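Structure in structure tokens, see below.
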Amino acid sequence: MAKSRDLLDMILSSPRETDSFGQTIGTVLRGGDVLALVGELGAGKTALVRGIVAGLGGSASAVTSPTFMLMHEYQGRLPLIHLDLYRLQRASEAEAIGLTACFSDETVTAIEWADRFPDLLPADRLDVQLIHRTRTTRMARLEARGAGARSLLLRISRACHAGSRRARPTQLGTRARRKVSER
Ligand SMILES: Nc1ncnc2c1ncn2[C@@H]1O[C@H](COP(=O)(O)OP(=O)(O)OP(=O)(O)O)[C@@H](O)[C@H]1O
Ligand SMILES: [Mg+2]
């Protein structure tokens, strides 16, 4: 079990809450941040990225699942590169589309199916696991891997606590978190 400062669990009770949480993340992202999105088909990875793009001030309606495109770039306060590794078979293919070249201090990168090629991911990244709970509820588990990601996680956590007029997703307490991790 990761230390709590490295871990944040959120219950997202509707697509709207996922969007809202994505927007919160988008407002606190900095250049160089990398989000490694993991979760089964329909878990909400693209839905979260849509919120993130909105939070960055970009055009969220343009965000589609890049499953067939592999890569999109969205403009906002920072450029966001959105990748989907689902259809790739080999690490060499991921390298060929320029995966490692995507990581730069001037951009934010969000990678769906990031667990396909973990060795190609930067060591300092925020792992975002999306888990089906019910038809309309998801759990997001954010785990910081590295100092930059830990700083990002702290900013996200603070932004969630600071609240806003938007509907806020529920952050799980320590006890609830332990229960979830025991499943
Ligand atoms: N709480 C929720 N958060 C996000 N999506 C939800 C939620 N509840 C239901 N959904 C539905 O789940 C689906 C999520 O689709 P999305 O394309 O974001 O998944 P994905 O993880 O990107 O899948 P894929 O692996 O195919 O790319 C949407 O149809 C959305 O309406
Ligand atoms: Mg998707």
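With 70, 99, 48 as the choices, which residue is touching a residue at least 24 places away in the same chain (Cβ under 8 Å) and more than 11 Å from ligand 1 (Cβ to nearest atom)? Full working, then the answer.
Details: 99 fails: touching a residue at least 24 places away in the same chain (Cβ under 8 Å); 48 fails: more than 11 Å from ligand 1 (Cβ to nearest atom).
Exactly one of 70, 99, 48 is touching a residue at least 24 places away in the same chain (Cβ under 8 Å) and more than 11 Å from ligand 1 (Cβ to nearest atom), namely 70.
Residues are listed down the side, and each one gets a yes or a no for (1) under 12 Å from the mean Cα position of the chain (by Cα); (2) more than 14 Å from ligand 2 (Cβ to nearest atom); (3) surrounded by fewer than 21 Cβ atoms within 10 Å (Cβ to Cβ); (4) over 20 Å from residue 145 (Cβ atoms):
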| residue | (1), (2), (3), (4) |
| --- | --- |
| 16 | no, yes, yes, yes |
| 39 | yes, no, no, no |
| 56 | no, yes, no, yes |
| 75 | no, yes, yes, yes |
| 90 | no, yes, yes, yes |
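Follow-up question, since we're still on this one. From the list 30, 90, 77, pick out the single residue that is out of contact with any strand residue (DSSP E or B) (no Cβ under 7 Å at 6 or more places or on another chain) and either aliphatic (A, V, I, L, M) or under 20 Å from residue 143 (Cβ atoms) (or both). Give the derivation first.
Values: 90 fails: either aliphatic (A, V, I, L, M) or under 20 Å from residue 143 (Cβ atoms) (or both); 77 fails: either aliphatic (A, V, I, L, M) or under 20 Å from residue 143 (Cβ atoms) (or both).
Step by step, each of 30, 90, 77 is checked, and only 30 is out of contact with any strand residue (DSSP E or B) (no Cβ under 7 Å at 6 or more places or on another chain) and either aliphatic (A, V, I, L, M) or under 20 Å from residue 143 (Cβ atoms) (or both).
So which residues in segment 116-125 are surrounded by 15 or more Cβ atoms within 10 Å (Cβ to Cβ) and either over 15 Å from the mean Cα position of the chain (by Cα) or within 16 Å of ligand 1 (Cβ to nearest atom) (or both)? Walk me through it before giving the result.
Residues of segment 116-125 that are surrounded by 15 or more Cβ atoms within 10 Å (Cβ to Cβ), as a first pass: 116-117, 120-122, 124-125.
Those that are surrounded by 15 or more Cβ atoms within 10 Å (Cβ to Cβ) and either over 15 Å from the mean Cα position of the chain (by Cα) or within 16 Å of ligand 1 (Cβ to nearest atom) (or both): 116, 117, 120.
For segment 126-137, does any single residue satisfy the condition of being of a type outside the set (D, E, K, R), surrounded by 18 or more Cβ atoms within 10 Å (Cβ to Cβ), closer than 16 Å to residue 29 by Cα and modelled with pLDDT of 95 or more?
yes
Continuing with the same structure: Exactly one condition in (1) under 18 Å from residue 53 (Cβ atoms); (2) surrounded by 15 or more Cβ atoms within 10 Å (Cβ to Cβ); (3) modelled with pLDDT of 95 or more is false for residue 84; which is it?
Of everything listed in (1) under 18 Å from residue 53 (Cβ atoms); (2) surrounded by 15 or more Cβ atoms within 10 Å (Cβ to Cβ); (3) modelled with pLDDT of 95 or more, residue 84 misses just condition (3).
List every residue pair whose Cβ atoms lie under 6 Å apart, where the two residues are 6 or more positions apart in sequence or sit on different chains, the first residue falls within segment 12-34 and is free of Cβ contacts under 8 Å to residues at least 60 places away in the same chain, and the second residue, located anywhere, is part of a helix (DSSP H, G or I).
Matching pairs, first to second residue: 19/51; 22/48; 22/51; 22/52; 26/52; 26/55.
Under the condition of being away from ligand 2 (no atom under 16 Å from the Cβ) and at pLDDT below 95, which residue from segment 107-120 is farthest from residue 151 (Cα to Cα)?
Step one: of segment 107-120, the residues away from ligand 2 (no atom under 16 Å from the Cβ) are 107-108, 117-120.
Filter again for at pLDDT below 95, leaving 117-120.
On the way: 117: 24, 118: 21, 119: 22, 120: 22 Å.
Of everything passing the filter in segment 107-120, 117 is farthest from residue 151 (Cα to Cα).
Failed condition for residue 33, given (1) within 14 Å of ligand 1 (Cβ to nearest atom); (2) under 20 Å from residue 144 (Cα atoms), with all others met?
The number of the failed condition is (1).
The values are calculated or read from the model by the stated rules, or taken from the named source; none is laboratory data. Quick caveat: nothing in here was measured; it's all calculated off a predicted structure. Because the Cβ atoms are built from the backbone with ideal geometry, glycine has one as well, and the counts that use them run over all protein chains shown.
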